[in-house]
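Values quoted throughout were computed directly from the atomic coordinates according to the rules given, and no laboratory measurement underlies them. Remember, it's a predicted structure, so these values are computed and weren't measured experimentally. Quick reminder, even Gly has a Cβ in these numbers, built from the backbone with ideal geometry, and neighbours come from all protein chains shown.
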Amino acid sequence: MTGGRLSRRSALGLIGAAGAVGVTGGFAAGAARDDDAEPQESVVPFHGKHQSGITTRVQQHLYFASFDMTSTATREDLKSLLADWTDAAARLTQGREVTTEGATGGGPYKPPDDTGEALGLEPNALTITFGFGPTLFAADRFGLEKKRPKELVELPSFAFELLEDRFSGGDLCIQACADDPQVAVHAIRNLSRIAFGRAQVRWTQLGYGRTSTTSKSQSTPRNLFGFKDGTANVFSNDDSDLATWVWADGSDQPWLAGGSFLVARKIQMLIESWDRVRLEEQEAIVGRDKGRGAPLSGGSEFTEPDFDVVSTAARGPAIPMDSHVRLAHPTQNGGARMLRRGYNYVEGNNDLGQLNAGLFFLAFVRSPEQFVGVQRSLAKDSLNEYIRHIGSAIFAVPGGIRAGESIGSGLF
Ligand code: HEM
């Protein structure tokens, strides 16, 4: 990596922008806005009021890692790890190599220099976002019991989930997003190496193909069911929505001011079953048309759904009572909204030749209750026949920092 020249789109992208999950044949694809038509920044500032990677334009690739502190790690180890991670993240996001210079070290272990696989690549809008899991604040660990935000507790169990430990939980998380997968992987790899002896990877998730937007000027991508995803989101240009639904004000824990809560759910999608469902039925399950992403009550992609419209063809509500969009909509959930920032994943296939694929759902919320309420409402979702939640984690995401500060320094 070298200093931040302005942008060229990644040549290494596995699957590109919206429309790459092709929609052809029986229905008209909506006119996709081309991300390339907009200048794409290559370097995203690391310092600021909020951490980057939340309202930042959604990059094409994700590598997400959940870490556990080692059983022998001390409070000092945690503190030095966060300082070293901050230093490395500030370098990586600005296109500089990782170096041991300035690292506070973790006992006898000296963090290694950069691993090199991103040499020559631009930062590709790399953002690195840190979060703290509930277990980090447990009694008898790092003396942080009193620093735990009240709402930072494990999520309750939900209908239809089949959670696996190997995709769930964690003391710490790092979300690395970039327009080049090599850059995102390089970041997590180096941060994991720096953690050696203090924290170890618990699970990771590679995501390709964003499934959301944080701005209406970015085209809406598609998820692996072929539907536009991210049409109704909390957008980065709406400060009032962000203050209401995303940013914590720090009244509970001052270190959380300007931060948020991050809910991560690994959701397996039963692709082969879905692909056998008729188009009209798929649309009824989602509540939007597949080509344009318009609500079934009429209009175009960004028309608000009208849940009172009746369809003679459907002999009932145009947007069915058990459709995903109706049940997830704020009107069904006390107004609750969330900033969704998830990614598609594909991880080979099982012995029957079926794809291991799905959505790595990521949502930033001011209060985990926003997610909990919507997820409970989705117990009646007809989409449940085609998806399984198999992983789950929650993290408190501290606010942004100024140059010279360390992420999470307010914890100590
Ligand atoms: C909307 C797909 C899981 C919350 C949508 C839309 C699609 C979709 C196609 C319509 C376009 C849009 O507005 O973005 C999926 C799929 C899922 C999934 C395939 C699982 C594999 C979830 C989960 C939640 C959620 C777990 C939260 C608990 C929402 C919300 C909306 C939405 C809040 C916007 C509703 C509105 O305001 O109109 N989803 N979704 N989704 N989804 Fe999901």
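Put +1 on the Cβ of every Lys and Arg and -1 on every Asp and Glu Cβ in the chain; which of Gly226, Leu411, Val185 then has its Cα farthest towards the positive end of the dipole?
Result: Leu411, furthest along the dipole toward the positive end.
Between rounded, prolate and oblate, where does the range 289-391 land on the alpha carbon gyration tensor, with a ≥ b ≥ c its root eigenvalues, rounded for a/c under 1.5, else prolate if a/b exceeds b/c? Intermediate values should be presented prior to the final figure.
Values: a/c = 1.93, a/b = 1.32, b/c = 1.46.
Note, shape of the range 289-391 comes out oblate.
Work through the residues other than Val309 whose Cβ is under 15 Å from its Cβ and net out their charges, Lys, Arg +1 and Asp, Glu -1. Show your work: numbers first, answer last.
Numbers: positive: Arg288, Arg315, Arg326; negative: Glu283, Asp289, Glu304, Asp306, Asp308.
Taking every Cβ under 15 Å from that of Val309, the sum is -2.
Hey, got the dipole for the chain? About the Cα centre, +1 on K and R Cβ, -1 on D and E Cβ, debye to the nearest 20? Please report the intermediate quantities before stating the final value.
Values: 42 positive and 49 negative charges, 54 e Å.
Roughly 260 debye for the chain.
Would you compute, from DSSP H runs of 4+ residues alone, the mean residue ellipticity of the chain at 222 nm, taking -39500 (n - 2.57) per run and dividing by the full residue count, rounded to the nearest 500? Numbers along the way, then the final one.
Details: 7 runs with 69 residues, N = 412.
Computed ellipticity for the chain at 222 nm equals -5000 deg cm²/dmol.
Checking the a/c ratio against 1.5 first, then a/b against b/c, what shape does the Cα gyration tensor give for the range 55-94? Don't skip to the answer; put the middle values down first.
Working: a/c = 3.53, a/b = 1.82, b/c = 1.94.
Since a/c reaches 1.5 but b/c is at least a/b, the shape of the range 55-94 is classed as oblate.
Shape call for the chain from the C-alpha gyration tensor, a ≥ b ≥ c root eigenvalues: rounded (a/c under 1.5), prolate (a/b greater than b/c) or oblate? Display every interim value, and only then the final one.
Values: a/c = 1.83, a/b = 1.52, b/c = 1.20.
Prolate, because a/c is 1.5 or more and a/b exceeds b/c.
Enumerate by residue number the chymotrypsin sites (Phe, Trp or Tyr not before Pro) in the range 266-308 meeting two conditions: DSSP loop (anything except H, G, I, E, B), and at most 16 other Cβ atoms within 10 Å of the site's Cβ.
Working: sites: Trp274, Phe302, Phe307; in loops: Phe302, Phe307.
Counting only loop positions with at most 16 other Cβ atoms within 10 Å, the chymotrypsin sites (Phe, Trp or Tyr not before Pro) in the range 266-308 are Phe302.
For the range 173-181, in order, what is each residue's ³J(HN,Hα) by Karplus, 6.51 cos²θ - 1.76 cosθ + 1.60 with θ = phi - 60°, in whole Hz (x at glycine and Pro)?
Here the 3J(HN,Hα) series is 9, 10, 9, 10, 10, 7, 7, 10, x Hz.
Past 30 Å, Cα to Cα, is the threshold; run Lys266/Lys290; Lys79/Lys216; Lys150/Lys216; Lys216/Lys290; Lys147/Lys216 against it and keep the listed order.
On the way: Lys266/Lys290 23 Å; Lys79/Lys216 39 Å; Lys150/Lys216 34 Å; Lys216/Lys290 18 Å; Lys147/Lys216 37 Å.
Among Lys266/Lys290; Lys79/Lys216; Lys150/Lys216; Lys216/Lys290; Lys147/Lys216, the Cα-Cα distance tops 30 Å for Lys79/Lys216; Lys150/Lys216; Lys147/Lys216.
Measuring from a point 7 Å past the Cα of Arg75 along Cα-to-C-beta, which residues in the range 128-166 have an amide N at less than 16 Å?
From the range 128-166, the list is 136-148.
List the residues whose amide H sits under 5 Å from the amide H of Ser297, counting only those 5 or more places along or on another chain, with H placed 1.01 Å from N in the peptide plane.
Asp306
Amide H of Thr214: which non-local residues (sequence gap of 5 or more, or other chain) have their own amide H closer than 5 Å, using H built in the peptide plane?
Val58
Could you tally the net charge around Asp322, taking each other residue with its Cβ under 9 Å from the Cβ of Asp322, Lys/Arg +1 and Asp/Glu -1? Intermediate results must be reported in sequence, preceding the final value.
Working: positive: Arg326, Lys380; negative: Asp381.
For residues surrounding Asp322, the net value is +1.
5 Å is the cut-off here: which amide hydrogens, built 1.01 Å from N in the peptide plane, fall below it relative to Asn356, excluding neighbours closer than 5 in sequence?
Glu347, Gly348, Asn349, Asn350
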